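> Here you go, one structure.
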Amino acid sequence: QVQLVQSGGGLVQAGGSLRLSCAASGIFFSIAAMGWYRQTPGKQRELVAFITTGGSTNYADSVKGRFTISRDNTKRMVYLQMNSLKPEDTAVYYCNAHQVSNDYWGQGTQVTVSS
């Protein structure tokens, strides 16, 4: 059974930082591409960042230079370091694991950035 358990998030003032963590179990973590998505009410879930099995990363234009995704294969963890947060970063953030043709999701974590 695949499980992605998220932690982190919360309320922060604009300009602040937060780190999201995602612990994976039940999958071959080292061969799964991992990503972070976010969603606000009434909008589609959007990709924030992803990291391949080889460690290559890609970011949404809106977060480039502010967010950093990383993974630790020995701990089966993926992280999202979010710096210089803006009110428009407010959303529910989801951890994603993509393996072969399957997608798995974390439970979601609220991030709220106050102005």
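> For a label point 7 Å from the Cα of residue 52 along Cα→C-beta, name the residues of segment 86-115 whose backbone N is under 16 Å from it.
The answer is 98-100, whose backbone nitrogens lie closer than 16 Å to the label point.
> Treating cross-link reach as a plain straight distance, find the aspartates and glutamates whose alpha-carbon is under 16 Å from the alpha-carbon of residue 64, omitting any fewer than eight places away in the same chain.
Reachable aspartates and glutamates: 46, 88, 89.
> Between 67, 28, 50, where does the largest GNM mean-square fluctuation fall for the chain, given springs only between Cα atoms within less than 10 Å?
Highest fluctuation of the listed residues: 28.
> Short version: ³J(HN,Hα) in whole Hz for each residue of segment 4-13, in order, from phi by Karplus 6.51 cos²θ - 1.76 cosθ + 1.60 (θ = phi - 60°), x for Gly and Pro, what are they?
10, 10, 9, 8, x, x, x, 10, 8, 7
> Also, I was wondering about something else. Order these peptides, 14-26, 36-48, 87-99, 53-65, by their mean beta-carbon neighbour count within 10 angstrom, highest first.
Descending packing order for the listed peptides: 87-99, 14-26, 36-48, 53-65.
> Separate question: Can you send over the carbon and sulfur percentage of the accessible area for the chain, probe radius 1.4 Å, protein chains only?
Within the chain, the accessible surface is 49 percent carbon and sulfur.
> Still on this structure: May I ask you to give the average projected area over all directions of the convex hull of the Cα atoms of the chain, in nm² rounded to one decimal?
Reported value for the Cα convex hull: 6.8 nm².
> In addition: Calculate the dipole size of the chain relative to its Cα centre from +1 charges on Lys and Arg beta carbons and -1 charges on Asp and Glu beta carbons; express the result in debye to the nearest 20.
Around 140 debye, computed over the chain.
> Keeping every protein chain present and rolling a 1.4 Å probe, give me the accessible area per residue for the chain in Å².
53 Å²
The values are calculated or read from the model by the stated rules, or taken from the named source; none is laboratory data. Since the model is a prediction, treat every value here as computed from it, not as a measurement. Backbone-built Cβ (ideal geometry, glycine too); neighbour counts: all protein chains shown. What goes into the accessible areas is simple: the full protein's heavy atoms, side chains included, and nothing from ligands, DNA or RNA. Shrake-Rupley method; radii C 1.70, N 1.55, O 1.52, S 1.80 Å.
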